[in-house]
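A.B. asks: Questions regarding the structure given below will be posed in turn.
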Amino acid sequence: PTRMAFPFDLLVRSICPAIIGNDLVKAGILLCLLGGSAPEESGLESQSGMSIRSNSHLLIVGDPGMGKSQMLLAANQVAARSVML
């Protein structure tokens, strides 16, 4: 019998699948993309009825060549309002 993977594991592995491993870093990126704090209401958002999530920040530190930039670029392509500096 084959073991079914948990949905979170599938989502983690689907972020930048070209880079094998680094599941903890990918999980952090995924949680940063999906999570966030409740947005603060401003005049524009209350008038339109649309809520916008507050900003999420992510800092990845590691050895050169572990694929940090490639993983962040993959996350940048997934999120519509993302900015990579």
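A.B. asks: Give the calculated FRET efficiency between residue 78 and residue 54 to the nearest 0.05, with a Förster radius of 22 Å applied to their Cβ-Cβ distance.
C.D. replies: For R0 = 22 Å, the calculated efficiency reads 0.75.
A.B. asks: So, one more: I need the peptides 60-71, 21-32, 6-17 ranked by packing, meaning the mean over residues of other C-beta atoms within 10 angstrom, with the highest value on top.
C.D. replies: Answer by packing, highest mean first, reads 21-32, 6-17, 60-71.
We did not get these values from a lab; they are worked out from the coordinates using the rules stated. It should be emphasised that the depicted structure is a prediction, and the values quoted were computed from it without experimental measurement. Positions of Cβ are generated from backbone atoms using ideal geometry, with glycine treated the same way; all protein chains shown enter the neighbour counts.
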